[in-house]
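Enquirer: Below is the structure I would like to discuss, written out as structure tokens.
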Amino acid sequence: METSFQDNSSDSQSKKEEVESITSQNSNDNELLDLPYDTEIVESDHAVSATIEGRRIFDVAFLVEQLKTFGHHSEGLFGCSGNNMSFQKEIRRGSCFELVFKCDMCHKVEKLFSEPKDESYMDVNTATVLGNTCTGQSFSQMEERYAVLNMPSMSSKTYFKIEERLQKVIGERALEEMKEAIDEEKQLAIKRGDVDENGVPLLTVVADGSWAKRSYKCNYSSLSGMASIIGFHTGKVLFIGVRNIFCLLCTLAEKRQIDTPTHTCFKNWSGSPNAMESDIIVGGFQQSIPMHGAKYIRLIGL
Ligand SMILES: [Zn+2]
Ligand SMILES: [Zn+2]
């Protein structure tokens, strides 16, 4: 049978004091520091709301695990259960959130977290940015999508901060992958006996480029282009390069005649868009011997 704070017995009174002491320890105002999310979120993405609406993303296994003990905090003293937990507020950082509840019986505060606090766990904000990167989308698309879904999202500042970190990780991993692919091509060439008089592996490669803008065979004015060199026998990318003619921040600073702000500038080309592809591929060929100890001896163009 449930026991409430209105009981007058001395036994009940001592239990009440015990629980109030626990409650006061757990209801401090530091929830914002308590969040199980990565450190990339900017302060402006902290939001506290006394009402809750719309949709959310949460780790379903983690939520089920939390619900197993949710509300059962009094160890039978007051018979508290999930039914006694009243919603108090939601604390968000981007799409990560925690829900704060308070027990109607003993006033104990409990929280449900949207996902685990674990360094090896990719939080929903980072996963959102990575998903956008993988599908060629950016902040605006995410904002629109989340608005339609009626889900909270992160600010542009947070988004671009996470994106910058991911770019570094993706770039480093791509370099590792390309190095592994070249080693694999070299081993296959040695196995075939396809080596020169000094034992340097001779590779057959495929190369092709692409522009950010469709040319329709008459308008070759893309501001950005890329090209890659692929190992013929493995089908894996050995080299990739990008050339950009345009940088928004540099252009704006030039137009406004102000100092260019500190930024990661991707502008690295001032020649014709037509020459981007050949420049990248030549660069890849030039690196083959000094960097990888292999010769791209046969080129298949597409
Ligand atoms: Zn309780
Ligand atoms: Zn720039």
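The values are calculated or read from the model by the stated rules, or taken from the named source; none is laboratory data. Just so you know, these numbers come straight off a predicted model, no measurement behind them. With ideal geometry, Cβ positions are generated from the backbone for all residues, glycine too; neighbour counts draw on all protein chains shown.
Enquirer: Please find, among 236, 267, the residue that is surrounded by 13 or more Cβ atoms within 10 Å (Cβ to Cβ), within 21 Å of residue 179 (Cβ to Cβ) and among the basic types (Lys, Arg).
Expert: The unique qualifying residue is 236.
Enquirer: Does residue 182 satisfy being crowded, with 18+ Cβ neighbours inside 10 Å, of a type in the set (A, V, I, L, M, F, W, C) and either out of contact with any helix residue (DSSP H, G or I) (no Cβ under 7 Å at 6 or more places or on another chain) or closer than 22 Å to residue 46 by Cβ (or both)?
Expert: no
Enquirer: Among residues belonging to segment 103-159 that are basic (Lys, Arg) and in the same structural domain as residue 82 (by TED's automatic domain parsing), point out the one that is nearest to ligand 2 (Cβ to nearest atom).
Expert: Of everything passing the filter in segment 103-159, 117 is nearest to ligand 2 (Cβ to nearest atom).
Enquirer: Now for a separate question. In segment 52-70, what residues are closer than 12 Å to residue 115 by Cα and in a helix (DSSP H, G or I)? Give the steps one after another, and end with the answer.
Expert: First pass over segment 52-70, keeping only residues closer than 12 Å to residue 115 by Cα: 56-66.
Those that are closer than 12 Å to residue 115 by Cα and in a helix (DSSP H, G or I): 60, 61, 62, 63, 64, 65, 66.
Enquirer: Which members of segment 252-286 meet the condition of being within 24 Å of residue 227 (Cβ to Cβ), within 16 Å of ligand 2 (Cβ to nearest atom) and either hydrophobic (A, V, I, L, M, F, W, C) or in a helix (DSSP H, G or I) (or both)? Don't jump to the end; show me each part of the working.
Expert: Of all residues in segment 252-286, those within 24 Å of residue 227 (Cβ to Cβ) come to 264-286.
Filter once more, so that each one left must be within 16 Å of ligand 2 (Cβ to nearest atom): 264-270.
Hits for segment 252-286 are 265, 266, 269.
Enquirer: Please report, ordered by residue number, the strands (runs of 3 or more DSSP E) entirely within segment 197-250 with at least 1 residues that are at pLDDT 90 or above and basic (Lys, Arg). If you could, list the steps in order and put the result at the bottom.
Expert: Numbers: elements: 202-211, 224-231, 237-244.
Per the criteria, 237-244.
Enquirer: Please find, among 229, 300, 240, the residue that is among the β-branched types (Val, Ile, Thr), in contact with a Phe, Trp or Tyr (Cβ under 7 Å, 6 or more places away or on another chain) and within 25 Å of residue 166 (Cβ to Cβ).
Expert: After applying the criteria, what remains is 229.
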